[in-house]
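Engineer: Before we start, here is the structure in question, set down as structure tokens.
The values are calculated or read from the model by the stated rules, or taken from the named source; none is laboratory data. What you see is a predicted model; the values in this text were computed from it and never measured. Counting neighbours? That spans all protein chains shown, and the Cβs are built from the backbone with ideal geometry, glycine included.
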Amino acid sequence: DIQMTQSPSTLAASVGDRVTITCRASQRIDTGVAWYQQRPGQAPNLLIYKASVLETGVPSRFSGSGSGTEFTLTISSLQPDDFATYHCQQYNTNWWTFGQGTKVEIK
Amino acid sequence: QVQLQESGPGLVKPSETLSLTCSVSGASTDTSRTFWGWIRQPPGKGLEWIGSVYKSGTTYHNLSLKSRVTISIDNSKNHFSLRLTSVTAADTAVYFCARTPWGRPFDSWGRGTLVTVSS
């Protein structure tokens, strides 16, 4: 299986900050990478798919990039609603895997 | 708009079988180019894909769970199911069901249901 190593595990930031979260794959993969936002007590919500495609209805301050083994999620200007946990996922093979998650906290 | 709803016992005894059903509304499980999947999340931990099923009954599952997992689909009832045998405390988690259109990740999720394994 392909391991997805996500960093950092926790991130403290302020409203208005630019935030970047990274996921590294254990082997080279295509662009089948997704990013989800999860608030406490809720299901994950799809933000980005195919590494850089914004899901319909997701604010444009969210963006994704990357290829090969390194992928990033960027929030250009953190908003109060964005304090949550973010998960990456690869769906290139028939065995899908997630990163460990990054909790974005208020500084 | 598609909606998914998990149902099943919230408490299962060790060594017994966990059984959950995901009821789908707003879409048909008999849809082509769509998979239906199960994901779980132990308390305070990350997400783990359990497996996915197609309308034909074809399944893919996380091999780390070995032969304990069975995922099935009933298109006449518009639902799909998960069975996990020989459970232990490590199987305690929130279990989510979700939809996967072909070539896309999970784009619609149920709210999740907490299953606790305890005697």
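Engineer: Exactly one condition in (1) within 12 Å of chain A (Cβ to nearest Cβ); (2) at pLDDT 95 or above is false for B:Lys77; which is it?
Structural biologist: Unmet for B:Lys77, out of (1) within 12 Å of chain A (Cβ to nearest Cβ); (2) at pLDDT 95 or above: (1).
Engineer: Taking region B:103-119 only, how many residues are assigned to a strand (DSSP E or B), within 14 Å of another protein chain (Cβ to nearest Cβ) and buried (at least 18 other Cβ atoms within 10 Å of the Cβ)?
Structural biologist: Count: 3.
Engineer: Among the numbered conditions (1) part of a strand (DSSP E or B); (2) modelled with pLDDT under 95, tell me where A:Asp1 comes up short.
Structural biologist: Of everything listed in (1) part of a strand (DSSP E or B); (2) modelled with pLDDT under 95, A:Asp1 misses just condition (1).
Engineer: Tally the residues that are hydroxyl-bearing (Ser, Thr, Tyr), surrounded by fewer than 22 Cβ atoms within 10 Å (Cβ to Cβ) and within 11 Å of another protein chain (Cβ to nearest Cβ), restricting the search to region B:34-67.
Structural biologist: Residues flagged as hydroxyl-bearing (Ser, Thr, Tyr), surrounded by fewer than 22 Cβ atoms within 10 Å (Cβ to Cβ) and within 11 Å of another protein chain (Cβ to nearest Cβ) within region B:34-67 amount to 4.
Engineer: Whether any residue in region A:74-82 is away from every other protein chain (no Cβ under 14 Å), free of Cβ contacts under 8 Å to residues at least 60 places away in the same chain and assigned to a loop (DSSP other than H, G, I, E, B) is what I want to check.
Structural biologist: For region A:74-82, residues away from every other protein chain (no Cβ under 14 Å), free of Cβ contacts under 8 Å to residues at least 60 places away in the same chain and assigned to a loop (DSSP other than H, G, I, E, B): present.
Engineer: Can you pull out every residue in region A:55-73 that is surrounded by fewer than 16 Cβ atoms within 10 Å (Cβ to Cβ), assigned to a strand (DSSP E or B) and touching a strand residue (DSSP E or B) at 6+ places or on another chain (Cβ under 7 Å)?
Structural biologist: Passing the criteria: A:Ser65, A:Gly68, A:Thr69, A:Glu70.
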